[in-house]
Structures are given as structure tokens and as C-alpha cells.
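K.L.:
I'd like to ask you about the structure that follows.
The values are calculated or read from the model by the stated rules, or taken from the named source; none is laboratory data. Everything numeric in this text was worked out from a predicted model, so none of it was measured. Reconstructed Cβ throughout: ideal geometry from the backbone, glycine too, with neighbour counts over all protein chains shown. Side chains included, ligands, DNA and RNA excluded: accessible areas come from the protein's heavy atoms. Shrake-Rupley method; radii C 1.70, N 1.55, O 1.52, S 1.80 Å.
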Amino acid sequence: MAGAVRTLAVVALWIAVAHAEPGASTSEVLRQGNTAALAGDWPRVSELVEPLLQHPLAAADLAEAHRLAGLAALFEQRGDAAERHFLAYLRIAPTGRLDPALYPPEAVSFFSDVASRHAAELGARQSAPQRSWWLTLIPPLGQLQNEERSKAYVLGGVLGALLVTNLTSYYVLSKWCQVTDGPKGGGLSCYNGSDHNHTAARLEPLNIASGIGVLAVYGFGVVDGILGYRRRSREQAVEPFVAASPDRGAVGITVHF
């Protein structure tokens, strides 16, 4: 079991430190950008997402690229660029927020200030989103629906890696081994043209550990998706509205029915 745990740790570490390779998909680059953002490596975030903005992107990917680029610009002391990126993000996702559990208060405050100063424009763009409770049962789709893209990319990457490990090890074991019965009980016989018993003895704990990991990560994703769904439902039921300009301002609430 210890060997399996070490193997899973290596897989997780590889996911965390992987660098964008030429030809990497947009979702892979954004996932790596989120990993770098969570580590506070803002130059790396800029290096990853700035090239994406030079090409046509799907709306969701474009919004996420602007959000990450805005964070990187903010922490690199480029306030004007940060505001441009955050505003571009909010024009695509008017109800977007920064998770205060993931980012420092100064970043959340700056983002909220941008949203407040452009509230009139963003409010005109906003429409009540179509949301489904059933998507909370399918991580990372539940996180995407809740507009928690950082969680969605990281959760999807870890869940996918564990699932691939589990299915691959199961497939190999099923090819090599068969269940046998004997006076001392059942067991696995892994002789299929050549002796695989030693390798199978190391692979079986990995299969079990990755299966447990899939269930644990899936369970976490479902619970997190349900909690996020409820939180977003409360936020969208009654939302504060603040609009400001150099000569006047307005404060109120927006109620969705």
C-alpha cells in the first residue's frame, strides 16, 4: 500500500508541475495556469495565458484566460492591465467572483471594485443563468456551473489521473491474472505465458488505492458542487447593486424571480 501511495503522490506532483508543451490543448494550458496561480507563480501564469489571448477561444476559455491574466497583472503591479482583463472577464461572466478562500483580500477587493465601477454595464449584460441541480452530481461540471473554474480544472485533472490509473491497472491485472480457489481460499494466479505474480502483487495495491482515490475525489466534488450550487442560488436570489461614477453613484439590490 505504501508503494501505491508513493506512486499516486508522484502522479499528483507531475500534474502540479507540468509545463505547457507545444500543441497542448487550451483546457490543459488553463489548468496549468490555475495550478501556477494557486502556487503564486504569477510570471508563469502570464507566460501561459497571454499567448492564448492572441487566438480565438470559446467563451468560457476566453473568460478564464482573462481572469488569470488579470490576477497575474495585479500581482505584477500592472493595475491598468489587471482592470482591463477583469472587465473583459466580467463582460463574458457578469456574475463572476474571486473565491476569497483561494486569493488574498487585496485581489478580491480590487476585483470587486472593478465590478462595482462597471455595475451598470455588467447589469445590462446579465441574464438569469439556466442552472441544473443534476450537474452537481457530475464533478467537475458542477464546479463549472458554479463558476469555480479553478476548482473545476484541478478537480477534473486529479479525478482523470486517478481514473486512468485505476482502469489501466485493472485492465492489466485482468489480462494477466485469474481468480483461483484452493484449500486455503481464493487468490490470484498471474501466470500467462510468463510469471507476472511479482509485478501483479505490486500493481494490485495501486489499483485498489486509485479506486479509493476516485471515490474520495468524486465524493468531494459532489459535496462541493452541491454547496456551491446552494451558495450561488442564494447570491442570485438577492444581489447587491453598486454603481459609481465621478459625479454620482447608486446603491441597491437586484432580485431575481
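K.L.:
I'd like the accessible area for residue 26, computed on protein heavy atoms only with a 1.4 Å probe and all protein chains in place. Round to 10 Å², please.
P.N.:
Roll a 1.4 Å probe over it and residue 26 shows about 40 Å².
K.L.:
Continuing with the same structure: Within the stretch 36-67, name every residue whose backbone N is under 15 Å away from a label modeled 7 Å from Cα of residue 84 along the Cβ vector.
P.N.:
Output list for this probe position: 50-55, 66-67.
K.L.:
Between beta-carbons, use under 12 Å as the cut-off and find the net charge around residue 41, counting Lys and Arg +1, Asp and Glu -1.
P.N.:
For residues surrounding residue 41, the net value is -1.
K.L.:
Fully extended, how many nm does the chain gain between residue 198 and residue 170 (0.36 nm per residue separation, minus their Cα-Cα distance)?
P.N.:
Full extension of this stretch gives 8.5 nm more.
K.L.:
What would the Debye equation give as log₁₀ I(q)/I(0) for the stretch 52-110 at q = 0.13, 0.19, 0.27, 0.31 Å⁻¹, counting only Cα atoms as equal point scatterers?
P.N.:
After summing over all Cα pairs, the log10 values are -0.30, -0.64, -1.18, -1.36.
K.L.:
Run the 1.4 Å probe and let me know the accessible area of residue 198, rounded to the nearest 10 Å².
P.N.:
Its accessible surface works out to 140 Å², give or take rounding.
K.L.:
Another question, if that's okay. Can you pull a Stokes-Einstein diffusion coefficient for the stretch 49-172 at 37 °C (0.692 mPa s), Rh from Kirkwood over Cα pairs, as a whole number of µm²/s?
P.N.:
Values: Rh = 16.0 Å.
After rounding, the answer is 205 µm²/s.
K.L.:
Shifting gears a bit: Rolling a 1.4 Å sphere over the protein heavy atoms, what is the accessible area per residue of the stretch 32-186, to the nearest Å²?
P.N.:
It amounts to 51 Å² per residue over the stretch 32-186.
K.L.:
Where the accessible area of the stretch 34-168 is counted over protein heavy atoms with a 1.4 Å probe, how much of it, in %, is carbon and sulfur? Intermediate values should be presented prior to the final figure.
P.N.:
Details: 3860 of 6330 Å².
Ligands and nucleic acids excluded, carbon and sulfur reach 61 percent.
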